[in-house]
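J.: Sharing a structure here in structure tokens format.
The values are calculated or read from the model by the stated rules, or taken from the named source; none is laboratory data. Everything numeric in this text was worked out from a predicted model, so none of it was measured. Cβ coordinates were reconstructed from backbone atoms using ideal geometry, including for glycine residues, and neighbour counts include every protein chain displayed. Ligands, DNA and RNA are excluded from the accessible area calculation, which covers all protein heavy atoms including side chains. Shrake-Rupley method; radii C 1.70, N 1.55, O 1.52, S 1.80 Å.
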Amino acid sequence: MSEQNDEIKREKVRVIPINLIDDFPDHPFLVKNDESMEQLVHSIEVNGVLNPVIARKKEDERYELISGHRRKRACQILGIELIPIIVREMSRDEAVIEMVDSNLQREHILPSEKAKAYKMKTDAMRRKAGRPSRENCAPVEHNFDGKRTVEIIGDENGESREQIRRYIRLNELTPELLEFVDEGKIGMRPAVELSYLQEEEMRDLVD
């Protein structure tokens, strides 16, 4: 993180109107008006926005937010109209990967948030890598210097590749069951098993 912060300090910081910045499409991380948000609002009210948000330029002269959704929301609560921003040139897939990586640094992340984030990053990495080789045709596992996609993501986040697969599989659950996982009413392994049962039931209905 220190290297990333040093890089941010070297980049050009602009100040633009918040109303020109759009949230990242299908952003998997919730922005809640909770105690943590209250603390952030108080901090920005006293000290201002210390770390600029990160975005990329859109074709319509607007900006797509990559990192800083909570800071943006806190500024909106305070009625602040301008925000410091770093604009980076990057492809859609590069933006997805950076958005996921920057938000996974949060202290509290729900299983559903990780599930959607890991799926988005996996898909983006697959698209960047292109078509899989004949030796590696698994649908969510491309090779990167001898490593599979889920293994790379696991190494980056201190999780096993099997755990990354389990999180991605949670996306197959109904919203109601996924909410039970978030609430701790269903464990990870039982939830994954339920996702396969749901899949079998859907096949039976189609047949």
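J.: Restricting to the range 85-97, name every residue that is part of a strand (DSSP E or B) and either acidic (Asp, Glu) or open to solvent by less than 30 Å² (accessible area, probe 1.4 Å) (or both).
T.: Ile85, Ile86, listed by residue number.
J.: Just give me the residues in the range 145-174 being assigned to a loop (DSSP other than H, G, I, E, B) and of a type outside the set (D, E, K, R), in sequence order. Break it down into steps so the answer makes sense when it comes.
T.: Taking the range 145-174 first, the residues assigned to a loop (DSSP other than H, G, I, E, B) are 145-146, 158-160, 173-174.
Across the range 145-174, the qualifying residues are Gly146, Gly158, Ser160, Leu173, Thr174.
J.: So Glu59 fits all but one of (1) in contact (Cβ under 8 Å) with a residue 12 or more places away in the chain; (2) out of contact with any Phe, Trp or Tyr (no Cβ under 6 Å at 6 or more places or on another chain); what number is the exception?
T.: (1)
J.: Go through Ile83, Ile54 for me and flag whichever is in contact (Cβ under 8 Å) with a residue 60 or more places away in the chain and either at negative phi or out of contact with any Lys or Arg (no Cβ under 7 Å at 6 or more places or on another chain) (or both).
T.: Ile83
J.: Oh, and also: Collect the residues in the range 98-116 that are among the charged types (D, E, K, R) and part of a loop (DSSP other than H, G, I, E, B), keeping them in residue-number order.
T.: Correct list: Arg106, Glu107.
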